[in-house]
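*Asks:* Please see the structure below; I have some questions.
The values are calculated or read from the model by the stated rules, or taken from the named source; none is laboratory data. The structure displayed is predicted, hence computed values, not measured ones. Positions of Cβ are generated from backbone atoms using ideal geometry, with glycine treated the same way; all protein chains shown enter the neighbour counts. With ligands, DNA and RNA removed, areas are computed over all heavy atoms of the protein, side chains included. Shrake-Rupley method; radii C 1.70, N 1.55, O 1.52, S 1.80 Å.
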Amino acid sequence: MPHWLALIESNTSGTGRLFARAAAAQGLRPILLSEDPSRYTYAAEDQLDTLRVDTSDVAEVIDACRRLAGEGRLSGVTSSSEYYVATAATVARRFDLPGPHAVSIRDCRDKLKQRQKLQRAGVPIPRFSPALSVRMAVNRAKELGLPVVVKIVSGSGSIGVRLCATLEEVAAHAEHLLRQSNDERGRPLSRHILIESLLEGPEYSVETFGQAVVGVTRKYLGPLPDFVEIGHDFPADLSRADTEAFHRIARQSLFALGLGWGGAHIELRFTSDGPHIIEVNPRLAGGYIPELVRLASGVDLISETIRLVTGREPDLKVSSSAFASIRFLLPDEDGLLRGASGMDEAESLPGVAEVKLYVKPDSVVKRHGDFRDRIGHVIACGPTTYAARAAATAAWSAIHLRIEPQAVAETADTANRAVESETPGGVECSPVV
């Protein structure tokens with residue numbers, strides 16, 4: 001009799017495959033519930049069980065899980081995609097299975113509601129104001145003072161987030177966002193957008209699991225006005241006092257939002273007035289950060305999530321004290337990717353754990369100004385944060401993308417499909433035990 005783990009959709013930045021593999025390694029039978037399972041080519045490559053379901057309809061997902069329960073045992077329900085964590089929580093509760101509080105998850109995913117809750121709790125955040133029209137967005141930007149960050153309230157992966165330095169830029173980007181009725185998953189968008197003051201300072205994230213802080217990640221961003229994450233280091237090189245300040249604000253945020261079950265990814269800017277929250281994400285980090293955590297500390301957040309959603313006690317015991325860094329490969333222009341030189345050289349460098357290109361040669365690459373711009377990565381490990389960073393930077397520098405410029409149609413999705421399908425199978429380094 002199969003012990004099913006229902007995975008509702010999948011993220012598109014790497015860990016979806018690892019969720020399924022971790023479940024199988026624990027003796028479970030993972031099954032992907034998706035509106036279009038072919039969206040995730042790793043499912044076919046790994047011969048993963050799939051079930052076509054309208055995942056935008058919670059009642060249909062519940063009915064599908066009821067059928068699974070009739071064919072075996074439904075051991076757990078979860079999702080590696082931020083867009084579906086609330087759905088997974090609702091379905092888990094329906095079957096009396098472990099999961100977070102669905103209302104808290106939904107409120108947290110609405111950045112306006114999140115901002116309001118954090119503000120009431122006295123958590124340091126940027127000044128903000130919602131807008132329902134272009135005129136309102138411009139007026140709010142005047143009140144806050146330029147530059148401002150303009151974003152949708154339910155996005156992920158920096159989609160729709162842009163720094164606007166002039167009122168004309170505010171108007172143009174607000175109009176662009178307000179014209180959109182659905183997100184990149186086809187889900188309805190809120191009629192609100194957010195106008196926020198810009199926080200100055202380096203960016204970090206705090207990775208938590210339950211009430212425990214797993215560690216702090218240093219994050220690197222590409223050039224403004226976009227907010228594309230181009231690299232991460234784990235753990236971040238911080239003083240004890242700064243680390244404690246990050247831990248305090250992270251726990252304060254979880255409490256304010258009614259979170260504290262399972263993984264959370266809390267993004268911050270370290271300003272001259274101390275850490276300020278950018279946003280709280282009620283799920284594990286993307287951008288391969290869970291892999292960096294595993295390589296550096298031995299804590300496998302994905303495996304522990306599977307244990308948690310199936311009713312077992314997670315184990316967050318640190319077993320190593322290494323450092324891990326990732327640097328992403330991004331195209332400088334739109335066009336056809338003809339290939340990438342230097343991959344073998346990068347892979348042979350000391351400390352390098354993985355070199356990967358998500359996009360196949362002769363695929364269209366198109367820049368979006370968000371996580372979809374990343375078409376490959378290098379991961380490196382070392383006994384110090386400097387060693388890991390240096391190895392990752394050297395490997396990244398050795399790779400040269402060969403792109404043939406051409407006009408790229410707005411409907412081209414080759415690069416998106418490649419990014420969604422190419423996910424890591426897990427890498428290893430030699431940590432300091």
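*Asks:* For segment 331-369, how many residues meet the condition of being on the phi < 0 side of the Ramachandran plot, surrounded by fewer than 16 Cβ atoms within 10 Å (Cβ to Cβ) and touching a residue at least 12 places away in the same chain (Cβ under 8 Å)?
*Replies:* Qualifying residue count for the region: 8.
*Asks:* Can you tell me which residue within segment 267-305, out of those that are over 19 Å from residue 388 (Cβ atoms) and of a type in the set (Ser, Thr, Tyr), is surrounded by the fewest Cβ atoms within 10 Å (Cβ to Cβ)? Reasoning before the result, please.
*Replies:* Residues of segment 267-305 over 19 Å from residue 388 (Cβ atoms): 267-284, 286, 302-305.
When the remaining residues are screened for being of a type in the set (Ser, Thr, Tyr), the result is 271-272, 303, 305.
On the way: 271: 14, 272: 6, 303: 20, 305: 24.
Only one residue tops the list, namely 272.
*Asks:* Determine whether segment 7-21 contains at least one residue that is farther than 21 Å from residue 304 by Cα and either hydrophobic (A, V, I, L, M, F, W, C) or crowded, with 22+ Cβ neighbours inside 10 Å (or both).
*Replies:* Residues of segment 7-21 farther than 21 Å from residue 304 by Cα: none.
No, there is no match, as no residue in segment 7-21 is farther than 21 Å from residue 304 by Cα and either hydrophobic (A, V, I, L, M, F, W, C) or crowded, with 22+ Cβ neighbours inside 10 Å (or both).
*Asks:* All but one of (1) open to solvent by less than 20 Å² (accessible area, probe 1.4 Å); (2) touching an Asp or Glu at 6+ places or on another chain (Cβ under 7 Å); (3) more than 23 Å from residue 290 (Cα to Cα) hold for residue 61, so report the exception by its number.
*Replies:* Among (1) open to solvent by less than 20 Å² (accessible area, probe 1.4 Å); (2) touching an Asp or Glu at 6+ places or on another chain (Cβ under 7 Å); (3) more than 23 Å from residue 290 (Cα to Cα), the lone unmet condition for residue 61 is (2).
*Asks:* For the structure I just gave you, tell me whether residue 43 is at pLDDT 95 or above and either within 22 Å of residue 67 (Cβ to Cβ) or aromatic (Phe, Trp, Tyr) (or both).
*Replies:* no
*Asks:* Hey, another quick one. Identify all residues within segment 306-328 that are crowded, with 24+ Cβ neighbours inside 10 Å and basic (Lys, Arg); write none if there are none.
*Replies:* Selection gives 327 alone.
*Asks:* Next question, about the same structure. Looking only at segment 162-181, which residues are open to solvent by less than 30 Å² (accessible area, probe 1.4 Å) and either within 17 Å of residue 224 (Cα to Cα) or in contact (Cβ under 8 Å) with a residue 40 or more places away in the chain (or both)?
*Replies:* Of everything in segment 162-181, those that are open to solvent by less than 30 Å² (accessible area, probe 1.4 Å) and either within 17 Å of residue 224 (Cα to Cα) or in contact (Cβ under 8 Å) with a residue 40 or more places away in the chain (or both) turn out to be 163, 164, 170, 173, 174.
*Asks:* Got a sec? Which of 154, 158 is without any contact (Cβ under 8 Å) to a residue 60 or more places away in the chain and either closer than 27 Å to residue 85 by Cβ or part of a helix (DSSP H, G or I) (or both)?
*Replies:* 154
*Asks:* Every residue in segment 22-66 that is touching a Pro at 6+ places or on another chain (Cβ under 9 Å) and either aromatic (Phe, Trp, Tyr) or part of a helix (DSSP H, G or I) (or both), please.
*Replies:* Once the filter is applied, which keeps residues that are touching a Pro at 6+ places or on another chain (Cβ under 9 Å) and either aromatic (Phe, Trp, Tyr) or part of a helix (DSSP H, G or I) (or both), segment 22-66 yields 22, 23, 24, 43, 44.
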